[in-house]
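Participant: Sharing a structure below in structure tokens format, with a few things to ask.
Derivation of every value follows stated rules applied to the coordinates shown; laboratory data play no part. Bear in mind that the values here come from a model prediction, so they are computed numbers and not experimental data. Neighbour counts are summed over all protein chains in view; Cβ atoms, including those assigned to glycine, are modelled from backbone coordinates with ideal geometry.
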Amino acid sequence: MSVTFTPSQVGGPSAVPLPYTGPPGQLCVYDLKLIFKYRSRILGVILPWNKWLSGELDELYPSIPNLVCMGLHLFLFLWQSFFLISIPFCLILPLGWVIIYMAAVFLINAGVSRILNGPGDSLDSKADIGSDVKHEEERWIFLNGVAVGRHWLQCNIDRLALTFRRPVLGVHNRTNGFIFDLIQCMIERNFCYPTEDVRTSYVQIKSALLDDKYKKVVLILHSQGGIEGSLILDWLLDEVPQDLLQQLEIYTFGSAANHFNNPHRSYSSMQAAKASRHSAPEGKAIRYIEHYADSGDFVARWGVLSFNTLNNRYMGRVFTRPGSGHLLNQHYMNTMFPLGPDKRVLKTNDFMEMEANISNDAILDEPREGILSSLRSSGAGADEDVAIVEDINSPISLVTVAKSGSLFASDRVQHPPKVKDLSRLWLYRNGGSPPN
């Protein structure tokens, strides 16, 4: 098996209107068509359900807190389904009874959601990262996706902290149940409507960028967090100085966003990138954006995998893993950044060792980055293989892989690039830091 790799769009002038700024009604109809198109993958968001490589940190692990969360979500799903089915029957009832009925539905829904969400708008990771190097000049922020209450948010940021050996701030995108969260997703991405969660997150991220203490801000987004992150990014591009935006890096998992903007900083850099298909990171407002998705993930299909081929409107490279699952810890972290018994990321794994084949859609649409732009710099450790480009004129040429620092031809083997050769986020594992 191999991973489908879609290089980032270069970007530039386009005669096509911004797709996500179309009439909201048409966008909602298109979203409903996508839901119908990928309806067979809806169950895939929780499959496989019984692989718990991270133990109690996995969302579906049969611990008491997880079972309580699953029970409450099941109640909300059935409650909201019944409510939506009952709406047509409300047309034959007196208006007063309809108002009382709807008030009761939303009050009960709000009460159960409050149990899931708990108090506060943010959480700090509690995972013990021991005596690892403290990255005090970095700020890591996580924005969660649909159907995530306080307990699962804590599990998410603790898993991220163990993976990258850094403290993580989790800004809570509060849940109202899966169905109502999905409706909120459609409102946010089709009406570009910033909910309270978006506004709260924006304040946290902007404050970190403006804080002199931090030289790097890493934003990790999951599911609905991708929608909110794309809206936040639009605001940041409007308000934050360009030199500070260069400190921001964005990584998404199963993103439900329908756009990701990242303009060039100057006209000359845009022209140079189009001419050579090589875009230097500093030429874009945001230097690094990476999207990770499972091919069988309904939310990713509804989001990043349906919109990343739109001309000039979904920036960042995309890694599509063959497989299902949407849960951050159980499906994304456990397959892409699996932990060993010592709670550190294993030196290698099946996903990172997969060959990265360029998507056919990426070949047919507008100019995208070439392999030279996509390959990561040789920032690996002394015992790690690094990728060296042999033929920069080839769209996806063979590369030489050698031991870091080795000058001997016998240490070099040619093969197509693997995911680990292209993934910048991989270099952050276990407290590492990629070159800037």
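Participant: Among residues other than V171 whose Cβ falls under 13 Å from its Cβ, what is the net charge (Lys/Arg +1, Asp/Glu -1)? Don't skip to the end; give the middle numbers.
Facilitator: On the way: positive: R139, R150, R174, R199, K206; negative: D121, D124, E196, D197, E228.
That sum, taken over residues with Cβ under 13 Å, equals 0.
Participant: Now, a different point. If you count the DSSP beta bridges with both ends in the stretch 2-370, what percent of them are antiparallel, to the nearest 5?
Facilitator: 20 percent
Participant: Of all alpha-carbon pairs in the stretch 204-247, indicate the percentage at a distance above 12 angstrom.
Facilitator: I get 61 percent for the Cα pairs in the stretch 204-247 exceeding 12 Å.
Participant: How high is the FRET efficiency from D342 to S40, r the C-beta distance, R0 30 Å, rounded to 0.05?
Facilitator: Working from the Cβ atoms, E equals 0.15.
Participant: Quick check: residue separation of L244 and A103 times 0.36 nm, minus the Cα distance between them. What number comes out in nm?
Facilitator: On the way: separation 141, 0.36 × 141 = 50.76 nm, distance 4.58 nm.
Result for the pair: 46.2 nm of gain on full extension.
Participant: Once R0 is set to 35 Å, what does the formula 1/(1 + (r/R0)^6) return for the Cβ-Cβ distance between D132 and L74, expressed as a FRET efficiency to the nearest 0.05?
Facilitator: Efficiency for this residue pair is about 0.35.
Participant: Could you work out the local net charge near M186, counting Lys and Arg as +1, Asp and Glu as -1, over the other residues with Cβ closer than 14 Å to its Cβ?
Facilitator: So the environment of M186 carries a net charge of -2.
Participant: With a ≥ b ≥ c taken as the square roots of the eigenvalues of the C-alpha gyration tensor of the stretch 98-148, please select rounded if a/c is under 1.5 and otherwise prolate if a/b is larger than b/c or oblate if it is not?
Facilitator: prolate
Participant: Something else now. Computed over the Cα atoms of the stretch 2-370, what is the ratio Rg over Rh, Rh following Kirkwood?
Facilitator: Expressed as Rg/Rh, it is 0.97.
Participant: When the C-alpha atoms of the stretch 31-153 are aligned to their principal axes, what extent does each axis show, in angstrom, from largest down?
Facilitator: Dimensions of the stretch 31-153 along the principal axes of its Cα atoms: 66, 34, 30 Å.
Participant: Net charge near S295: determine it from the other residues with C-beta under 12 Å of the C-beta of S295, scoring Lys and Arg +1 and Asp and Glu -1.
Facilitator: It works out to a net charge of +1.
Participant: Between N50 and C28, what is the label-point separation in nm under the 7 Å Cα-to-beta-carbon projection?
Facilitator: A separation of 4.1 nm, rounded to one decimal place.
Participant: Taking the beta-carbon count within 10 Å as an exposure proxy, list L245, L162, L210 from fewest neighbours to most.
Facilitator: The most exposed by this proxy come first: L210, L245, L162.
Participant: Where the only charges are on Cβ atoms (+1 Lys, Arg; -1 Asp, Glu), what is the dipole of the stretch 2-370 about its Cα centre, to the nearest 20 debye?
Facilitator: Dipole about the Cα centre, nearest 20: 360 debye.
Participant: Give the distance, in whole Å, between the Cα centre of the stretch 223-257 and the Cα centre of the stretch 31-60.
Facilitator: A separation of 25 Å, based on Cα centres.
Participant: When E138, E228 are ordered from fewest to most other Cβ atoms inside 10 Å of their Cβ, what list results?
Facilitator: Fewest-to-most Cβ neighbours within 10 Å comes out as E138, E228.
Participant: Shifting gears a bit: Would you mind computing the Rg to Rh ratio of the stretch 174-219 from its alpha-carbon coordinates, Kirkwood style for Rh? The partial results should precede the final answer.
Facilitator: Details: Rg = 13.9 Å, Rh = 12.3 Å.
Result for the stretch 174-219 is an Rg/Rh of 1.13.
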